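In what follows, a single structure is set out as structure tokens and then discussed.
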Amino acid sequence: MRFIESRDFERIGFDFYCDIAKNIEKARKGKGWTQKELAKKTGITESYISNIECVKTRLKLIDLEKISNALGVSIDCLIDAELDAKGGECLYLLWLEDDENFKLYQKSTSKRMAYLEFEKRLNKEGLSLTSFVNPRVRVFVELVGIPVTKREMEKVFPKLGKEERLPK
């Protein structure tokens, strides 16, 4: 499948984890910490921290949360997320590169976070992205809906009179 990347579309694969590894290492070194010190502060083993920074493992959202808390930086910062709406969750469509006919929706604040939350949903069901495809799997994430504010709705739709309104 060929595609043109746009602001509304992202292909997430191995390079995503490379970016995260680079950002974790930069934040860790910025604090003057060794991998061992980060491991102690997160409760994650030193070997797993090393594997994350060497991009030998796919980092799970739960571990990313522990690392971001210990480093005092947001997850969005560590994953280089571009927020698609100010202060609201958007709707994303996700599918595997190898199976574009099976697509799932995920609410989130960015394409990258949608991917991580999608994987977390799979894990809760006892499934893994790499259990049914190869470890180099790539996932496509497309922005399909952004939240609408009340003010935006009021600009488009006429107001009802008091007698027409439904009770709240």
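There is at least one residue in region 58-67 that is without any contact (Cβ under 8 Å) to a residue 40 or more places away in the chain and open to solvent by less than 50 Å² (accessible area, probe 1.4 Å). In the condition set (1) open to solvent by less than 60 Å² (accessible area, probe 1.4 Å); (2) touching a Ser or Thr at 6+ places or on another chain (Cβ under 9 Å); (3) closer than 23 Å to Lys107 by Cα, Asn51 is compliant with all but (3). Does region 82-91 contain any residue that is open to solvent by less than 20 Å² (accessible area, probe 1.4 Å), outside any loop (DSSP other than H, G, I, E, B) and closer than 16 Å to Leu116 by Cβ? The answer is yes; a qualifying residue exists. Can you tell me how many residues within region 68-81 are surrounded by 14 or more Cβ atoms within 10 Å (Cβ to Cβ) and of a type outside the set (Gly, Ala, Ser)? Looking only at that region, the number is 6.
In region 14-27, is there at least one residue being in a helix (DSSP H, G or I), over 22 Å from Lys120 (Cα atoms) and either among the hydrophobic types (A, V, I, L, M, F, W, C) or open to solvent by less than 20 Å² (accessible area, probe 1.4 Å) (or both)? Within region 14-27, one or more residues are in a helix (DSSP H, G or I), over 22 Å from Lys120 (Cα atoms) and either among the hydrophobic types (A, V, I, L, M, F, W, C) or open to solvent by less than 20 Å² (accessible area, probe 1.4 Å) (or both). Every test in (1) closer than 20 Å to Asp19 by Cβ; (2) hydrophobic (A, V, I, L, M, F, W, C); (3) at pLDDT below 95 is passed by Phe102 save one, and that test is (1). If the condition is being assigned to a loop (DSSP other than H, G, I, E, B) and within 26 Å of Cys90 (Cα to Cα), then region 136-158 contributes Val137, Arg138, Ile146, Pro147, Val148, Thr149, Phe157, Pro158. In the set (1) open to solvent by 70 Å² or more (accessible area, probe 1.4 Å); (2) within 19 Å of Phe118 (Cα to Cα), Glu46 fails one condition alone, (2). Among the residues of region 30-87, those that are farther than 17 Å from Tyr17 by Cα and either in contact with a Leu (Cβ under 6 Å, 6 or more places away or on another chain) or polar (S, T, N, Q) (or both) comprise Thr34, Gln35, Thr42, Thr45, Asn69, Asp84.
Within region 107-122, identify whether any single residue is open to solvent by 60 Å² or more (accessible area, probe 1.4 Å) and outside any helix (DSSP H, G or I), and answer yes or no. There is at least one residue in region 107-122 that is open to solvent by 60 Å² or more (accessible area, probe 1.4 Å) and outside any helix (DSSP H, G or I).
Evaluate region 124-135: report whether one residue or more is at pLDDT below 95, among the small types (Gly, Ala, Ser), open to solvent by less than 50 Å² (accessible area, probe 1.4 Å) and within 21 Å of Tyr17 (Cα to Cα). Within region 124-135 (the criterion being at pLDDT below 95, among the small types (Gly, Ala, Ser), open to solvent by less than 50 Å² (accessible area, probe 1.4 Å) and within 21 Å of Tyr17 (Cα to Cα)), the answer is yes, since at least one residue qualifies.
Counting residues in region 92-106 that are assigned to a loop (DSSP other than H, G, I, E, B), open to solvent by 50 Å² or more (accessible area, probe 1.4 Å), of a type in the set (Asp, Glu) and under 17 Å from Leu61 (Cβ atoms) gives zero.
The values are calculated or read from the model by the stated rules, or taken from the named source; none is laboratory data. Keep in mind it's a predicted model, so treat the numbers as computed, not measured. Every residue, glycine as well, gets a Cβ built from its backbone with ideal geometry; the counts of neighbours run over all protein chains shown. Each accessible area value is taken on the protein alone, full model and side chains, heavy atoms only, with ligands, DNA and RNA left out. Shrake-Rupley method; radii C 1.70, N 1.55, O 1.52, S 1.80 Å.
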